[in-house]
1. Please compute, over every Cα-Cα pair in region 80-145, the percentage with a separation greater than 18 angstrom.
2. What ranking of His71, His133 comes out by heavy-atom accessible area, probe 1.4 Å, highest first?
3. State the percentage of accessible surface on region 1-141 attributable to carbon and sulfur atoms; use a 1.4 Å probe and exclude ligands, DNA and RNA.
4. Among Pro146, Ser40, Val15, which residue has its Cα positioned farthest towards the positive end of the charge dipole of the chain, with +1 placed on the Cβ of Lys and Arg, -1 on the Cβ of Asp and Glu, and the dipole taken about the Cα centre?
5. Projecting each Cα onto the charge dipole of the chain (Lys/Arg +1, Asp/Glu -1 at the beta carbon, about the Cα centre), which of Thr167, Gly6, Leu99 comes out farthest on the positive side?
6. So between Ser7 and Phe47, what do we pick up on full extension, going 0.36 nm a residue minus the alpha carbon distance?
7. Over 22 Å, how big is the tail of the calculated P(r) for region 104-202, in percent of all Cα pairs?
8. To the nearest 20 debye, what is the magnitude of the charge dipole of the chain about its Cα centre, counting +1 on the Cβ of each Lys and Arg and -1 on the Cβ of each Asp and Glu?
Amino acid sequence: MPPIPGSGLAKGLAVTLRTMTKKTVTAQYPDVQPELPPRSRGVIALFEENCTVCMLCARECPDWCIYIDSHKETVPAAAPGGRERSRNVLDRFAIDFSLCMYCGICIEVCPFDALFWSPEFEYAETDILELTHERDKLRAWMWTVPEPPALDPGAEEPKEIAAARKTAEKLEAQRAQEAERAQEAQQTQQALQTKKEAEGEE
């Protein structure tokens, strides 16, 4: 059956009329900040206390936009007779957000939880060279990182927590056994002492 002439125009006008009767909702940005989902990929924040300068993030970055500088320091021995250790000290940690493609690989590969996603997105600059943000700026974004969502009650226990719990339970069992043996030895010693005292009285 051929379409009725003017049916397309009528459908378009119907959509227009329905839209005209609805109240428009306009986000008055920047006066009203948008509500972003908790897993938004805004910028990468740095928690430098956890950074060990292992360079994994810089090596795995497909855009090579992470710049890290460090130096070695000698740490004195913790106990007398111990050996001095050397550790890496972070001097520079910068990310060039003009190159970053927000893949999140650096956050995933970091073994010490030093990098996090922050929902901050207002970091535009007039000069592209100023999009390379140093560790002070990355550290300031750390305080905008939202708390991780609660675990699903039915989810499987993480392997790290399960291993730590098993180790703690094993240590507790060993301590209980040692305490029980010490108590048995003390009771045996007391019994022998009582027996000697009784034999001495006879």
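1. Beyond 18 Å sits 48 percent of the P(r) for region 80-145.
2. Ranked list, largest accessible area first: His71, His133.
3. On region 1-141, the fraction of accessible area on carbon and sulfur atoms equals 57 percent.
4. Val15
5. Positive-most Cα among the choices belongs to Gly6.
6. Computed gain between Ser7 and Phe47 is 8.3 nm.
7. 66 percent
8. Taking the Cα centre of the chain as origin, the dipole is about 980 debye.
The values are calculated or read from the model by the stated rules, or taken from the named source; none is laboratory data. If you're wondering where the values come from, they're calculated on a predicted model, not measured in any experiment. A quick note on method: Cβ atoms are made from the backbone with ideal geometry, for glycine too, and the neighbour counts reach across all protein chains shown. Side chains are part of the model used for accessible areas, which takes the heavy atoms of the whole protein and leaves out ligands, DNA and RNA. Shrake-Rupley method; radii C 1.70, N 1.55, O 1.52, S 1.80 Å.
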